[in-house]
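Reviewing the structure listed below.
Bear in mind these aren't lab numbers, they're just calculated from the coordinates by the rules spelled out. Computed from a predicted structure; not experimentally measured. Every residue, glycine among them, receives a Cβ derived from its backbone with ideal geometry; neighbour counts consider all protein chains shown.
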Amino acid sequence: MSFGTIIIIVVAVIVLFQLRRVLGQRTGNERPPFDPYSRPEARTDKAPPPSNREGTVVTLPGRREPVVIDATTEDRYAAIDKVVPPSDPANADLRRIRDADRAFDPAEFLNGMQVAYEMVLTAFAEGDRKTLRNLLSQEAYAGFEQAIGEREKRGETMKSAFIGINEAKIVSGAVRDREILVTVRIVSQLISSVTDASGQVIDGDPEAVVEVHDLWTFARDPRSRDPNWKIVETQTAEA
């Protein structure tokens, strides 16, 4: 054996010895490697889920198990009190709705309501039955569809420009059977007119901005996975 070969063997032994010191050796008691994509029931290091007494269950992004955040009664209704003060009779209605639907947030509801309100007014003017069918209950849609059909039979055309909403206030709420209902008073500004078959304006003014006062009721099933509300009733409110 040459001197060079002996040197190579000695170096290899030293390297293996150092690797053993750094990496250690298995004893049979090591925990299995963590797999972030495994199902919860397949993991051996899973801690038992926390109990949910008075807390709100929140599912965080990237987690498969809910996290419970304890909340006092005041915290539970804080979002409601910010929108409708406790002195307002509608506050008690919304608290009952909050008890029936833990996900109910009046501020988010009002934001979505304003979008739906504009969509319905625009769709009605354009005769867009598909959009109306998606936003209205069957009973409410029947009334809108009848008005559109009669307008079309007379050869009339409706033009409408939505300017904006000046006020949107929740005036009442209720929990009935399988539905929660919220009624909103809406004050908006529109430009609206109707012309006959010859193009003559027979209703409204194509250049004047008018203030409109409405009272609309929205409903949804809190047990449904569909978060969307349906408009179940529309009527004119007093100015």
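Take the residues in the stretch 210-239 that are in a strand (DSSP E or B) and among the charged types (D, E, K, R), then tell me which one is nearest to R102 (Cα to Cα).
Among residues in the stretch 210-239 that are in a strand (DSSP E or B) and among the charged types (D, E, K, R), the one nearest to R102 (Cα to Cα) is R220.
Out of (1) assigned to a helix (DSSP H, G or I); (2) under 19 Å from R225 (Cα atoms), what's the single condition that is false for E139?
All conditions are met except number (2).
Would you be able to tell me the number of residues in the stretch 167-197 that are free of Cβ contacts under 8 Å to residues at least 12 places away in the same chain and assigned to a loop (DSSP other than H, G, I, E, B)?
1
Here's a check for you: in the stretch 198-209, which residue that is free of Cβ contacts under 8 Å to residues at least 40 places away in the same chain and assigned to a strand (DSSP E or B) is surrounded by the most Cβ atoms within 10 Å (Cβ to Cβ)?
G204
Taking the conditions exactly as written (out of contact with any strand residue (DSSP E or B) (no Cβ under 7 Å at 6 or more places or on another chain), surrounded by 14 or more Cβ atoms within 10 Å (Cβ to Cβ), without any contact (Cβ under 8 Å) to a residue 40 or more places away in the chain and not aliphatic (A, V, I, L, M)), does R129 satisfy them or not?
Criteria met by R129.
Can F104 be described as of a type in the set (A, V, I, L, M, F, W, C), in a helix (DSSP H, G or I) and touching a residue at least 24 places away in the same chain (Cβ under 8 Å)?
No.
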